[in-house]
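Derivation of every value follows stated rules applied to the coordinates shown; laboratory data play no part. These numbers come from a predicted model, not from an experiment. For neighbour counting, all protein chains shown are included, and Cβ atoms are generated from backbone atoms with ideal geometry for every residue, glycine included.
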Amino acid sequence: NAGVTQTPKFRILKIGQSMTLQCTQDMNHNYMYWYRQDPGMGLKLIYYSVGAGITDKGEVPNGYNVSRSTTEDFPLRLELAAPSQTSVYFCASSSIAGGPPGEQFFGPGTRLTVL
Amino acid sequence: AQSVAQPEDQVNVAEGNPLTVKCTYSVSGNPYLFWYVQYPNRGLQFLLKYITGDNLVKGSYGFEAEFNKSQTSFHLKKPSALVSDSALYFCAVTPWDDYKLSFGAGTTVTVRA
């Protein structure tokens, strides 16, 4: 199993540009999450999904959108990039087998810089 | 709403000495508690979790954590630290009926040879 994969690893955007961060998991997990990590701030939840077709906002959703058309994929969309979105983005997934909360499995991250 | 506090930004220990990383939490109802470790330029890796039962939880790489309900703490411990334990450690909590984790700000552990 590859686990959770994310692309790209690095990206530099100009202010106002758009991009999609890709996330795929091959563990058949129902739950998927997007976090951003800023220095000294821990991880903040952006969006999450409990299954295909179901998404909901986390703690810091402004400026982002998500979709979940399949169990495997959970892309994160930035529509109008702003310098405040400079961060490291992590995708994670977890299983509900045995009841929540299962441990979350993290991807390697995408380092995004908005200039 | 739940929250986690990791009161130390940095912990420095000598190799072979005991290592403790502190975590306190706030949550409604019974907590589910987790520790994750992050090595440079990598994603987070699961170390251990407390769901119910024995207050002392054993996890990966020789780490353990003690759940203390009265002090609302879940400190991570290792009896003998290794240089390879140098990393960023995160404590996280969720209520028993939820699955969204709240993370602490993280503690950087440096183990010197």
message: Given the criterion in contact (Cβ under 8 Å) with a residue 12 or more places away in the chain and touching a Lys or Arg at 6+ places or on another chain (Cβ under 7 Å), identify the matching residue among B:PHE46, B:PHE34.
response: B:PHE34
Of all residues making up segment A:38-56, the number that are over 11 Å from the mean Cα position of the chain (by Cα) and within 11 Å of chain B (Cβ to nearest Cβ): 8
- line: Across (1) farther than 18 Å from B:GLY106 by Cβ; (2) in a strand (DSSP E or B), B:ASP54 clears everything bar (2)
task: Return the only residue of A:TYR89, A:TYR33, A:TYR64, A:TYR48 being within 30 Å of B:THR108 (Cα to Cα), in contact with a helix residue (DSSP H, G or I) (Cβ under 9 Å, 6 or more places away or on another chain) and hydroxyl-bearing (Ser, Thr, Tyr).
output: A:TYR64
task: State the number of residues belonging to segment B:93-113 that are part of a loop (DSSP other than H, G, I, E, B) and hydrophobic (A, V, I, L, M, F, W, C).
output: 4
message: For the list (1) among the β-branched types (Val, Ile, Thr); (2) crowded, with 19+ Cβ neighbours inside 10 Å; (3) touching a residue at least 40 places away in the same chain (Cβ under 8 Å), I need the number of the one condition that B:THR72 fails.
response: (2)
- request: Please indicate, with yes or no, whether at least one residue in segment A:68-81 is in contact (Cβ under 8 Å) with a residue 40 or more places away in the chain, surrounded by 14 or more Cβ atoms within 10 Å (Cβ to Cβ) and among the small types (Gly, Ala, Ser).
  value: yes
- prompt: Taking into account only those residues within segment B:88-113 that are among the hydrophobic types (A, V, I, L, M, F, W, C) and away from chain A (no Cβ under 14 Å), which is nearest to A:GLY102 (Cα to Cα)?
  reply: B:VAL109
query: What is the residue count in segment A:1-17 for residues that are among the aliphatic types (A, V, I, L, M), over 12 Å from A:LEU112 (Cβ atoms) and exposed (fewer than 13 other Cβ atoms within 10 Å of the Cβ)?
result: 2
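Okay, residues lined up against (1) of a type in the set (Phe, Trp, Tyr); (2) crowded, with 21+ Cβ neighbours inside 10 Å; (3) under 20 Å from B:GLY104 (Cβ atoms); (4) out of contact with any strand residue (DSSP E or B) (no Cβ under 9 Å at 6 or more places or on another chain):
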{"residue": "A:MET19", "(1), (2), (3), (4)": "no, no, no, no"}
{"residue": "A:ASP38", "(1), (2), (3), (4)": "no, no, yes, no"}
{"residue": "A:VAL60", "(1), (2), (3), (4)": "no, no, yes, no"}
{"residue": "A:VAL66", "(1), (2), (3), (4)": "no, yes, no, no"}
{"residue": "A:SER84", "(1), (2), (3), (4)": "no, no, no, no"}
{"residue": "A:SER87", "(1), (2), (3), (4)": "no, yes, yes, no"}
{"residue": "A:PHE90", "(1), (2), (3), (4)": "yes, yes, yes, no"}
